[in-house]
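Report on the structure given below.
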Amino acid sequence: MSLQYLSTRGQAPVLDFEGVLLAGLAQDGGLYLPQSLPSFSASELRAMRGMSYTELATTVIAPFVEGSIDRDTLSGLVEASYRDFRHQAVAPVLQLDHDQWLLELFHGPTLAFKDFALQLLGRLLDHVLTRRGERVVIMGATSGDTGSAAIEGCRHCEHVDIFILYPDGRVSDVQRRQMTTVPGDNVHNLAIRGNFDDCQALVKASFVADAFLPDGRSLVAVNSINWARIMAQIVYYFYAAFALGGPDRPVNFSVPTGNFGDIYAGYLAHRMGLPVNNLVIATNRNDVLHRMLTTGTYARQPIEASLSPSMDISISSNFERLLFDLYDGDAAQIAQLMADFSEGEISLTDSALARAQKLFTSAKVSDEETCEEIRLAWEKTGQLLDPHTAIGTRAARLCARDGEGPMVTLSTAHPAKFPAAVARAKTGQTPALPDHLADLFDREERFDTLDNDIAAVHAFMAAQCRS
Ligand SMILES: *Cc1c(COP(=O)(O)O)cnc(C)c1O
């Protein structure tokens, strides 16, 4: 019997894995979740301890895709997804201090943790589409890391054309070049004359009306509301815990957080049986989640640019998935809360807040503190941290509680991706791009510049889709 997925708002059709893979957002505006979460007993977890990253990934993911993808196929897709990571362990754990550790998630092709999900997502999509004899179009807006990771994940997909919109002149040189230098006649970079919000508005409007696509093709979302992305990220929480004595010793994680996708995967690992005491929500000045956890009020504020741009958000979409559990899966209540939230702010009930505070803690880290943390880490450990990771290690120390065991900070990006922030930290170091990207600034760029005009964007996309 295959696992079914339902919407947090309860008014969309129940789907199987293949359905949620291709759906993205549910029709009722909610997010898809498994109807019942697979879980592992302590003895099953102990048996998983010696597994390689790819064996573990296959074991953890298999129950989520049952009925859609058989185990051997899954294993092949997983192997292919992580084969090109530049560390043999895929997700190595490194010690920083007595009880402080780093989980390095930046050894994939685009140097950020998003590769873990998007390498697999591209392969899952192509597999399913081949079997169905269908083609789809991926459309996404990016201000940074998602675009390049999605392009790298889908560049070899036979059945996918991918269009990434970014604000012209407003993404960093490294990030733009990681998108625009990827060859492939199914890869399209659209520099939009506008800001990130304009790009996102174009994408949202396109999902509502995708009739402009040729041959009845549909649009697929690759932002972190896609369930398959969350699913792939659950794996490395198990992997890190096993490296540090789990499941017989509880561990803690500090997660540099924006849209709440990554840390939500850690929450799921815990609910699937992994002993975890403390999940630290590490935020920059865009602290909507820190305010929620300390005051119980979830309220949008305007985005402010920071040194950690991948965490610059005004709301965290995936938080709705946690809310669903905090309110005992009461979809009607979630639908009402989200409707209220779209009008202003919402307050959690005392019991929902108390539940959240039992597992989660949080901290907010300023740009100045981020720079100081990069410098301190360099001086004390010889590790050069990227600004997102530095927010994580800072929050890890602020939120660590005595006797809780090892604290693992997720290192979400390679420092060479954010050279300006690292320079501001005055370590005297300039992080070099890894070998496979060393000639990034010599490669030819390919992109098209378009007005912030939906008709122009649609005409361009319709003309460029492969037949
Ligand atoms: C995307 C990203 C984050 C935030 O992850 P969420 O899943 O959105 O919370 C943090 N750090 C880096 C480097 C990222 O690219």
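The values are calculated or read from the model by the stated rules, or taken from the named source; none is laboratory data. Quick caveat: nothing in here was measured; it's all calculated off a predicted structure. Because the Cβ atoms are built from the backbone with ideal geometry, glycine has one as well, and the counts that use them run over all protein chains shown. Ligands, DNA and RNA are stripped out before the accessible areas are found, and what is left, the full protein with its side chains, is counted by its heavy atoms. Shrake-Rupley method; radii C 1.70, N 1.55, O 1.52, S 1.80 Å.
Solvent-accessible area per residue for the chain at a 1.4 Å probe radius, Å²?
Ligands and nucleic acids excluded, the figure is 38 Å² per residue.
Can you give the FRET efficiency to the nearest 0.05 for VAL14 and SER467, using r as the Cβ-Cβ distance and R₀ = 30 Å?
It comes to 0.30.
With a cut-off of 8 Å between alpha carbons and a minimum separation of six or more residues, what is the relative contact order of segment 23-126 in percent?
RCO, segment 23-126: 18 percent.
Determine the relative contact order of the chain: mean sequence separation of Cα pairs under 8 Å and six or more apart, normalised by residue count, in whole percent.
Computed over the chain, the figure is 18 percent.
Name the residue farthest towards the positive end of the dipole of the chain from the options TYR166, ALA363, GLY108, assuming +1 on Cβ of Lys and Arg, -1 on Cβ of Asp and Glu, about the Cα centre.
Comparing the listed Cα positions along the dipole, ALA363 ranks first.
Take PHE460, project a point 7 Å from its Cα along the Cβ direction, then tell me which residues of segment 186-221 have their backbone nitrogen under 13 Å from it.
Inside the label zone: 188-195, 199-200, 202-203.
How much of the DSSP beta bridge set in the chain is antiparallel, as a percent to the nearest 5?
Within the chain, antiparallel bridges account for around 25 percent of the total.
Can you send over the carbon and sulfur percentage of the accessible area for the chain, probe radius 1.4 Å, protein chains only?
Reported share for carbon and sulfur atoms: 47 percent.
I'd like the distance separating the alpha-carbon centroids of segment 310-334 and segment 192-217, in whole Å.
Segment 310-334 and segment 192-217 have Cα centres spaced 24 Å from each other.
Using DSSP to define loop residues, name the GluC sites (Glu not before Pro) in segment 64-167 whose beta-carbon has at most 15 other beta-carbon atoms within 10 Å.
Here the sparse-neighbourhood loop sites are GLU134, GLU158.
Report the full-extension gain for the segment ARG401 to ARG155: residue separation times 0.36 nm, less the Cα-Cα distance, to one decimal in nm.
Full extension of this stretch gives 84.2 nm more.
Using 1/(1 + (r/R0)^6) with R0 = 25 angstrom and r between the beta carbons of ALA339 and ALA209, what's the FRET efficiency to the nearest 0.05?
About 0.65, to the nearest 0.05.
Leaving ligands and nucleic acids out of the surface, order ARG466, ARG321, ARG49, ARG424 by accessible area at 1.4 Å, largest first.
ARG424, ARG49, ARG466, ARG321
With just the Cα atoms defining each centre, how far is segment 119-153 from segment 411-467? Give it in Å.
What the calculation gives is 17 Å, centre to centre.
At 1.4 Å probe size, what's the solvent-accessible area of HIS87? Round to the nearest 10 Å².
Ignoring ligands and nucleic acids, HIS87 comes out at about 70 Å².
Need one value: the accessible area of THR349 in square angstrom, 1.4 angstrom probe, rounded to the nearest 10.
The accessible area of THR349 comes to roughly 60 Å².
Taking amide H positions as placed 1.01 Å from N in the peptide plane, with prolines and chain starts having none, which residues 5 or more places from VAL280, or on another chain, fall under 5 Å of its amide H?
PHE253, SER254, VAL255, THR361
Which value, in Å² rounded to 10, gives the accessible area of MET231 with a 1.4 Å probe and all protein chains present?
Spelled out: MET231, probe radius 1.4 Å, area about 0 Å².
If each of ASP451 and ALA332 carries a label point 7 Å out from its Cα toward its Cβ, how far apart are those two points in nm?
For the pair ASP451/ALA332, the computed spacing is 4.9 nm.
Contact order normalised by length for segment 49-197, with contacts defined as Cα pairs under 8 Å and 6 or more residues apart; what percent is it?
Relative contact order of segment 49-197: 17 percent.
Check which residues have an amide H placed less than 5 Å from VAL220's amide H, if you skip close sequence neighbours.
VAL137, ILE138, MET139
Work out the FRET efficiency for THR73 and MET51 from their Cβ-Cβ distance, taking R0 = 22 Å, and round it to the nearest 0.05.
Step by step, r from the Cβ atoms, then E = 0.75.
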